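Chemist: The structure that follows is given in the form of C-alpha cells.
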Amino acid sequence: MLAQATMWEKLGQEPVDVLVVGGGINGAGIARDAANRGLNVALVEMRDLAYGTSSRSSKMVHGGLRYLEQFAFGLVFESVSERRILLKIAPHLVRPLGYIFPIFKTGTRGLGMVSLGMWVYEALSLFRSPRRHKTLKAHALSEVEPIVDTQGMLGAPLYYDCATDDARLTLESALDAAHQGAIVSTWTRVTQFEKDDSGNVLGVRVKNELTGEEKSVKASLVVNATGPWTDKTRGLSKEAVKPMVMRTKGVHVVVSRKSLPVNHCVICPHPDDARGVFAVPWGEQTYIGNTDTAYGKVEGGVTATLNDVDYLLEASNTYFPGHQLDRNDVIATWAGLRPLLAPESDDISNSKVTREHSIEVGADGVVTVAGGKLTTYRKMANEVVTVSLKALKKRGHKLKTRRSTTAKVALPGAQGMPRGGLSQLKADLVQNASGVLPPEICESLVDTYGVRAADVVDLVKKKPELANPLIKGRHEIAAQVVFAVESEFAATATDFLIQRTQIFYRDDDQGLGALHEVVRIMTELLLWNDARQKTEIARYQNDVATSRGWRDEIAQEKSA
C-alpha cells in the first residue's frame, strides 16, 4: 500500500544511498532515476507532492520557442528532445496542443522573422514535432479561432507543442520510484542536517508535519531539490552561501470555456508591456497566463493579487473583444514561483533569465540542483544522479548500479497501454465498467490515470457506493478518494482536492461542496478523530480563501 503513514513508518529504519529533499517534479524525477539504477532511495517532502511550483506551472511541455531569441539553441534542442520522450512514456499526461501566435503590424516581431524561427524550431526537433507548423491568414485564423481579433494582423503561425497535468506528472514519477523500492514520505519536513566531525552531511532530522513525530534518517548522500526553497535548504548547513536561485511569480486565472472558447493555445503580446500572454483550452474551462514578477520571500502561500488578475483580463479583452471578461468570470487562480538561476547582473529582466539548470556539490557533500524547466526534468534528474554517483565514489562508496532507462520505461499510467492508445483504452474501460459507471466517467478516469483507471473501476465493483459523484454534474467519484489514499500517498483533503484532482481549479465553488464527503471517506480510511476532521475542513477552506484573497482587494478598493 502506497499510503503516507506506511511510508513514514519505513523512513529511517535503514540507511539509504540517496535521500532526496523536495517532492516537486525535480525531486520526483531524481528519486525515479536513482531507484531505476538500483540505488536505495528515500524522498521527503514538507507538504504534498507537487505542492509548490510543480502544480502551479503553465502546464506545458514545450521546447521554448521564445528561447530562440536568446540564442539558447542547446536548451531548445534539449527541450524538444525531452518533449518527444515524455510523449512516449506518459501519453495520458502529455498531449499535443496547437499553439497560435498572431503577428500584428504594431508588434515588435515581424512575420518573416517568426516564420524563420518556426523552421529553426522544427529543425532542432529533427522535424519530429507532433505536427508541422503553418502560417494562417486572417480568414483561415477566423475559421479555427473565430474569437480572435484579426484587425491589423499580418499572419498567425500555428505550431505544435504539448500540454500536461503537471501535478500528476510529478506524482507518477514518484509512484514509479516507489514501485522500484523507493520510500516517498510526504508531509515530512527536514529540520536539520546531521553531520560528522568533518562537516559532511550524513543524514537529516525530519518532522512529521501531521503527527509531530521526529526521527533521523541516515543517508550516504543528500540531494537538495527544493525549488524556490533551494537556498533556505542550503542554509541548513549554517554556512554563508551565495544564492543560487531568484524567484519570480507566475499567476494564472481560470474561467469557463463558455466565457472564452479557444481551441488552441493563443499567444499574444500584452498591450502594456508586450510580454507574451496566452489563453489555453482546458476541457470545460480556459486558463489565462501568465505574469512574471520578482518575488522575495518564500514563507506562506503565494497568491494572485488584484493587479495580477486585472493584468491578465486586460490582455484577454484586448485580443478577444467579443468575449469580454470581468472579475466575476474568474473561477479560480493559481500562483507559483519559478526557481530560476540567480543572474550575475540585476539588469537582466525576469523573462530573459536563463531557464538552464545548475548542479552544485557543496562543501558539506550535499548535491543541489537549481533552475531548469518542467519539460527537461527527466534529463536533469539523470544528470543529478550521475553527479551524485561520482560524489559517492569520491567518498569511497562502492555501489553496484545499472544504466538508467527512464527515457524508455513508461510511467505507471502508461505501462501496458494498448496498441490503439488512449482511444482504445477508453473503449476497453467503458466495456469493462458497463453497468457500473457511465462512459463519460470512464473516459475522465482514463484521462486522469491512464491504464490505472481500471484499478479505480475495480474499487467500484467491490463497493458500488464508491461510484457516487463527489459533486453533482462533475465526473470525480468517491472511489478516487480511496484510490488517492491507498495508492497515491494522499494524506489530507487538500492533497486530494488540489494535487490528485483539479477540482480546486475547475469546480465553480472550488470543491467546497465536496469537502465534507471527502473528509468523511478519508476519516473511514485513516481513522481521524473529530479534531483532525475539523483541522482538515479548516485547512481546505483556508486554501480556498487564500486563493480568493485578491477579491478582498476589491472590497478595499470600493471602500477607499
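The values are calculated or read from the model by the stated rules, or taken from the named source; none is laboratory data. Quick caveat, the model's predicted, so the values are computed rather than measured. All Cβ positions, even for glycine, are placed from backbone atoms using ideal geometry, and neighbour counts span all protein chains on display. Please note that ligands, DNA and RNA were not included when accessible areas were found on the heavy atoms of the full protein model with its side chains. Shrake-Rupley method; radii C 1.70, N 1.55, O 1.52, S 1.80 Å.
Chemist: Condition check: at pLDDT below 95 and within 26 Å of ALA491 (Cα to Cα). Does MET1 satisfy that? Steps first, answer last, please.
Modeler: Details: at pLDDT below 95: yes; within 26 Å of ALA491 (Cα to Cα): yes.
Yes; evaluated as a whole, the condition is true for this residue.
Chemist: Would you kindly identify the helices (runs of 4 or more DSSP H) lying entirely within region 85-202 that contain at least 1 residues that are under 27 Å from the mean Cα position of the chain (by Cα)? Working first, answer last.
Modeler: Details: elements: 111-124, 138-144, 166-179.
Result: 111-124, 166-179.
Chemist: Just for region 415-426: of the residues that are outside any loop (DSSP other than H, G, I, E, B) and under 18 Å from ASP458 (Cβ atoms), which one is least open to solvent (accessible area, probe 1.4 Å)?
Modeler: The selected residue is LEU425.
Chemist: In region 372-392, how many are within 11 Å of GLU78 (Cβ to Cβ) and either part of a loop (DSSP other than H, G, I, E, B) or of a type in the set (S, T, N, Q) (or both)? Explain how you work it out, then say what you get.
Modeler: As a first pass, look at region 372-392 and keep what is within 11 Å of GLU78 (Cβ to Cβ): 372-373, 375-376, 378-380, 383.
The next check asks that each one be either part of a loop (DSSP other than H, G, I, E, B) or of a type in the set (S, T, N, Q) (or both); those that pass are 372-373, 375-376.
Selection size over region 372-392: 4.
Chemist: Being crowded, with 23+ Cβ neighbours inside 10 Å and at pLDDT 90 or above, is that true of even one residue in region 385-400? Even if it seems obvious, please write down each step before you answer.
Modeler: First pass over region 385-400, keeping only residues crowded, with 23+ Cβ neighbours inside 10 Å: 385, 388.
Now restrict to residues that are at pLDDT 90 or above: 385, 388.
Yes, some residue in region 385-400 is crowded, with 23+ Cβ neighbours inside 10 Å and at pLDDT 90 or above.
Chemist: Mind telling me which of the residues LEU93, LEU75 ends up being buried (at least 24 other Cβ atoms within 10 Å of the Cβ) and of a type in the set (A, V, I, L, M, F, W, C)? Step through it out loud before you land on a result.
Modeler: Values: LEU75 fails: buried (at least 24 other Cβ atoms within 10 Å of the Cβ).
Within the list LEU93, LEU75, the selection yields LEU93.
Chemist: Further question on the same structure: In this structure, is VAL409 of a type in the set (Val, Ile, Thr), under 21 Å from GLU82 (Cα atoms) and either open to solvent by less than 30 Å² (accessible area, probe 1.4 Å) or not in a loop (DSSP other than H, G, I, E, B) (or both)? Outline the logic, then answer.
Modeler: Values: of a type in the set (Val, Ile, Thr): yes; under 21 Å from GLU82 (Cα atoms): yes; either open to solvent by less than 30 Å² (accessible area, probe 1.4 Å) or not in a loop (DSSP other than H, G, I, E, B) (or both): no.
No.
Chemist: If you don't mind, another one. Among the residues of region 223-256, write down those that are more than 22 Å from the chain's Cα centre (by Cα) and outside any helix (DSSP H, G or I).
Modeler: As a first pass, look at region 223-256 and keep what is more than 22 Å from the chain's Cα centre (by Cα): 234-243.
LYS238, GLU239, ALA240, VAL241, LYS242, PRO243, listed by residue number.
Chemist: Where residues in region 490-535 are outside any loop (DSSP other than H, G, I, E, B) and hydroxyl-bearing (Ser, Thr, Tyr), which of them is farthest from the chain's Cα centre (by Cα)? Full working, then the answer.
Modeler: Of all residues in region 490-535, those outside any loop (DSSP other than H, G, I, E, B) come to 493-500, 503-506, 515-526, 530-535.
Next, from what is left, pick out any that are hydroxyl-bearing (Ser, Thr, Tyr): 494, 505, 523, 535.
Working: THR494: 16, TYR505: 14, THR523: 28, THR535: 26 Å.
Selected residue: THR523.
Chemist: Has region 465-487 got at least one residue that is closer than 30 Å to LYS258 by Cβ, hydroxyl-bearing (Ser, Thr, Tyr) and modelled with pLDDT of 95 or more?
Modeler: Of the residues in region 465-487, the ones closer than 30 Å to LYS258 by Cβ are 467-481, 484.
Filter again for hydroxyl-bearing (Ser, Thr, Tyr), leaving none.
There is no residue in region 465-487 that is closer than 30 Å to LYS258 by Cβ, hydroxyl-bearing (Ser, Thr, Tyr) and modelled with pLDDT of 95 or more.
Chemist: Here's a follow-up. Checking the structure you have, find out if any residue of region 5-23 is surrounded by fewer than 22 Cβ atoms within 10 Å (Cβ to Cβ), within 19 Å of the chain's Cα centre (by Cα), in contact (Cβ under 8 Å) with a residue 60 or more places away in the chain and closer than 30 Å to LEU210 by Cα.
Modeler: no
Chemist: Would you check which residues across region 195-222 are under 15 Å from SER237 (Cα atoms) and of a type in the set (D, E, K, R) and list them?
Modeler: Matches in region 195-222: LYS195, ASP196, ASP197, ARG205.
Chemist: Moving on to the next point. Listed residues MET60, MET113; which is of a type outside the set (Phe, Trp, Tyr) and open to solvent by 30 Å² or more (accessible area, probe 1.4 Å)?
Modeler: On the way: MET60 fails: open to solvent by 30 Å² or more (accessible area, probe 1.4 Å).
Going through MET60, MET113 in turn, just one is of a type outside the set (Phe, Trp, Tyr) and open to solvent by 30 Å² or more (accessible area, probe 1.4 Å): MET113.
Chemist: Then there's this: Which residue pairs have Cβ atoms closer than 8 Å, lie 6 or more positions apart in sequence or on different chains, and pair a first residue in region 160-171 that is closer than 14 Å to GLY413 by Cα with a second residue that is part of a strand (DSSP E or B) and open to solvent by 10 Å² or more (accessible area, probe 1.4 Å)?
Modeler: THR164/MET60; THR164/ARG95
Chemist: Every residue in region 360-373 that is modelled with pLDDT of 95 or more and among the hydrophobic types (A, V, I, L, M, F, W, C), please.
Modeler: So in region 360-373, the residues modelled with pLDDT of 95 or more come out as 366-369.
Once the filter is applied, which keeps residues that are modelled with pLDDT of 95 or more and among the hydrophobic types (A, V, I, L, M, F, W, C), region 360-373 yields VAL366, VAL367, VAL369.
Chemist: Which number in (1) open to solvent by less than 50 Å² (accessible area, probe 1.4 Å); (2) at positive phi marks the one condition that LYS238 misses?
Modeler: (1)
Chemist: Within the group GLY181, GLY199, GLY203, GLY212, which residue is of a type outside the set (Phe, Trp, Tyr) and modelled with pLDDT under 95? Full working, then the answer.
Modeler: Values: GLY181 fails: modelled with pLDDT under 95; GLY203 fails: modelled with pLDDT under 95; GLY212 fails: modelled with pLDDT under 95.
Matching residue, one of GLY181, GLY199, GLY203, GLY212: GLY199.
Chemist: Sticking with this structure for a sec: Looking at (1) at pLDDT below 95; (2) crowded, with 16+ Cβ neighbours inside 10 Å, which is the one condition that is false for GLY435?
Modeler: (2)
Chemist: Answer yes if at least one residue in region 207-230 is open to solvent by 40 Å² or more (accessible area, probe 1.4 Å), closer than 17 Å to GLY27 by Cβ and of a type in the set (A, V, I, L, M, F, W, C), and no otherwise.
Modeler: Within region 207-230, one or more residues are open to solvent by 40 Å² or more (accessible area, probe 1.4 Å), closer than 17 Å to GLY27 by Cβ and of a type in the set (A, V, I, L, M, F, W, C).
Chemist: Would you pick out the residues in region 273-312 that are in a loop (DSSP other than H, G, I, E, B) and either in contact (Cβ under 8 Å) with a residue 60 or more places away in the chain or in contact with an Asp or Glu (Cβ under 7 Å, 6 or more places away or on another chain) (or both)?
Modeler: So in region 273-312, the residues in a loop (DSSP other than H, G, I, E, B) come out as 273-275, 283-284, 290-292, 295-305.
Those that are in a loop (DSSP other than H, G, I, E, B) and either in contact (Cβ under 8 Å) with a residue 60 or more places away in the chain or in contact with an Asp or Glu (Cβ under 7 Å, 6 or more places away or on another chain) (or both): ALA274, ARG275, GLY283, GLU284, ASN290, THR291, VAL298, GLY301, VAL302, THR303, ALA304, THR305.
Chemist: Mind telling me which of the residues ALA538, ALA484 ends up being open to solvent by 10 Å² or more (accessible area, probe 1.4 Å), within 18 Å of LEU210 (Cα to Cα) and not in a loop (DSSP other than H, G, I, E, B)? Give the steps one after another, and end with the answer.
Modeler: Details: ALA484 fails: open to solvent by 10 Å² or more (accessible area, probe 1.4 Å).
That would be ALA538, the only listed residue that is open to solvent by 10 Å² or more (accessible area, probe 1.4 Å), within 18 Å of LEU210 (Cα to Cα) and not in a loop (DSSP other than H, G, I, E, B).
Chemist: Which is in contact (Cβ under 8 Å) with a residue 60 or more places away in the chain and closer than 16 Å to ILE25 by Cβ, of VAL409, VAL385, VAL367? It would help to see each step written out before you state the result.
Modeler: Numbers: VAL409 fails: closer than 16 Å to ILE25 by Cβ; VAL367 fails: closer than 16 Å to ILE25 by Cβ.
When all the criteria are applied, what remains is VAL385.
Chemist: Quick one: which of PRO271, PRO281 is under 18 Å from ILE147 (Cβ atoms), open to solvent by 10 Å² or more (accessible area, probe 1.4 Å), touching a Leu at 6+ places or on another chain (Cβ under 9 Å) and not hydrophobic (A, V, I, L, M, F, W, C)? Let's see the steps before the verdict.
Modeler: Values: PRO271 fails: touching a Leu at 6+ places or on another chain (Cβ under 9 Å).
Going through PRO271, PRO281 in turn, the sole match is PRO281.
Chemist: If you don't mind, another one. Write out, first by first residue and then by second, each pair whose Cβ atoms fall under 6 Å of each other, whose residues are 6+ apart or on separate chains, and whose first residue, in region 179-194, is under 15 Å from GLY235 (Cα atoms) while the second is of a type in the set (Asp, Glu) and surrounded by fewer than 24 Cβ atoms within 10 Å (Cβ to Cβ).
Modeler: The qualifying pairs are ARG189/GLU209.
Each row is one residue, and each column tells you yes or no for (1) in contact with a Pro (Cβ under 7 Å, 6 or more places away or on another chain); (2) under 20 Å from SER79 (Cβ atoms); (3) open to solvent by 10 Å² or more (accessible area, probe 1.4 Å); (4) at pLDDT below 95.
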site	(1), (2), (3), (4)
ARG132	no, yes, yes, yes
PRO146	no, no, yes, no
LEU154	no, no, yes, yes
ASP166	no, yes, no, no
LEU169	no, yes, no, no
